[in-house]
Amino acid sequence: MIEKENISHIDGLFYELLQVACGNREMLSVLPDAEEWEELREMAKKQTLNGIAYAGMERLPLEQWPDRYFRLRWGGKVQKIIDRNKELNERCDEAVHRFRYDGFWCCILKGQGNLYYYPEWLKDKRTPGDIDVWVTSQGKRPIRKVVDFCQKRKPADKVGYIHLDFNVWKTVDIEVHIRPTFLCSPLHNHRLQKYCLEQQLTMVREDTKFPVPTAEFNAVYQLLHIYKHLFEEGIGLRQLVDYYFVITNLTDSRSRERVMKVLKSLAVDKFAGAVMYVLETVLNLKTDDMLCKPDKKRGEHLLNEIMLAGNFGKYDERNGDLATEGHAGRYWRKTKRAFRLMSLYPHESIWQPYFMVYHFLWRALKLWKFE
């Protein structure tokens, strides 16, 4: 059993099951009873890791398997995940071909793009979400070109600072990113956007069915994705498992040094330490694969937030009803959340309220027309 401060018996079992799934453990230290297996499956559901945890169960010695009926019920739900991954992979390929045909540069971000970093026994069991595709163009006003192209074919309700909805299929949601991500601090956001543009021509893998970022670019981008969701509504373990496979695919120590140099320039190096702590605790990340030294204080806070809130904060009662909140309610909720994080991550916390005002004006005045 994993022995760390403030980790319950069932949480420890869950982490061990994920370690088995990732190939970092051969068996559980304690045999769960029927009730505990139900709890483990509920935890996997909360963290959107149903398929990954099921794969962990499959890799256990037979004497540690739950009863046959439980396995069949669980396996039926996992088969839907497998089928969904197949559908989304096909749609990713279609989307890339469509944008390229119309003269745009594009690649698939996070989500389905992460499957290439997973081992074979897990690739089709990662629970998929929507499709995120970064699209840009050459010449002047590249963002306006992308937005105009998408709006003519499928008008969106709104154009956000980083993406817009482009739901051309009934069963699959697609977000077209005009920027990979952002930071609220003007200085750090400027550095981030410059970095993304500089990396654009060299950050795509060519050995995949559809273009995806290299592990080195993803080690920066996806850490920021996790960071932003911590400030937005919450983050789940699914994104941390993604990140585990990203950084364990970095080629050498020089890659990790380059990643950390960028993260320090963006003032998220302390958050990287928190993520290393979580990955070490939950997935048994090896020291040689770490980007930096784990930060225990921030890491314990991050892990507590993850286990409390679940995937994208869906189980966090502090968020209230996200579906019905208005602009004022959203502003107030996110501002309170930012101030809760002030002592840990002051740069983003201080600037978030100001950026939300800027974002509102950016959308209202359609400033994307000038980019």
Original post:
Which value in nm describes the separation of the simple spin-label points at K154 and H97, placed 7 Å from the Cα toward the beta carbon?
Top reply: 1.7
Original post:
For helix 142-153, what angle does its Cα long axis make with the longest principal axis of the chain, in degrees from 0 to 90 and rounded to 10?
Top reply: 80
Subject >> Choice from T287, T248, T48 showing the highest fluctuation, given a GNM over the chain with Cα pairs closer than 10 Å >> reply: T287
Original post:
Can you give me the relative contact order of the chain as a percent, contacts being Cα pairs under 8 Å and 6 or more apart?
Top reply: 16
Original post:
In whole percent, how big is the carbon plus sulfur part of the accessible area of segment 249-291, probe 1.4 Å, protein atoms only?
Top reply: 42
Original post:
K154: which aspartates and glutamates have alpha carbons under 18 Å from its alpha carbon, excluding same-chain residues fewer than 8 sequence positions away?
Top reply: E94, D102, D130, D132, D165, D173, E175
Original post:
If Lys and Arg each add +1 and Asp and Glu each add -1, what is the summed charge of the other residues whose beta carbon sits under 13 Å from the beta carbon of P180?
Top reply: +1
Original post:
Over segment 232-307, what is the relative contact order in whole percent, taking alpha-carbon pairs under 8 Å and six or more residues apart?
Top reply: 39
**OP:** Report, in degrees rounded to the nearest 10, the 0 to 90 angle that the Cα long axis of helix 346-364 makes with the longest principal axis of the chain.
**Re:** 50
Subject >> Heavy-atom accessible area per residue - the chain, 1.4 Å, Å² >> reply: 47
**OP:** Under 9 Å from the Cβ of M356, count the other residues' Cβ atoms, weight Lys and Arg +1, Asp and Glu -1, and hand me the total.
**Re:** +2
**OP:** Please tell me which of these pairs span more than 32 angstrom C-alpha to C-alpha: K123/K336; K45/K264; K261/K286?
**Re:** K123/K336; K45/K264
Subject >> Neighbour net charge for D83 - beta-carbon separation under 12 angstrom, K R +1, D E -1 >> reply: +2
Original post:
Tell me, how many Å apart are the Cα centres for segment 129-180 and for segment 27-48?
Top reply: 39
Subject >> Alpha carbon centroid spacing (whole Å) that separates segment 112-127 from segment 252-281 >> reply: 23
Subject >> Assigned charges on the beta-carbon of Lys, Arg, Asp, Glu; the chain dipole about Cα centre (debye) >> reply: 1800
Original post:
What residue among E300, E63, E26 has the largest mean-square fluctuation in a Gaussian network model of the chain, using Cα springs under 10 Å?
Top reply: E63
**OP:** Run the accessible area of segment 1-74 with a 1.4 Å probe and give the carbon-and-sulfur part as a rounded percent.
**Re:** 49
Subject >> Signed unit charges on C-beta, dipole axis of segment 210-294, positive-most listed residue F245, L263, F231 >> reply: L263
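The values are calculated or read from the model by the stated rules, or taken from the named source; none is laboratory data. Since the structure is predicted, the reported quantities are computational estimates derived from the model, not experimental observations. Every residue, glycine as well, gets a Cβ built from its backbone with ideal geometry; the counts of neighbours run over all protein chains shown. Heads up: the accessible areas ignore ligands, DNA and RNA and are worked out on the full protein's heavy atoms, side chains in. Shrake-Rupley method; radii C 1.70, N 1.55, O 1.52, S 1.80 Å.
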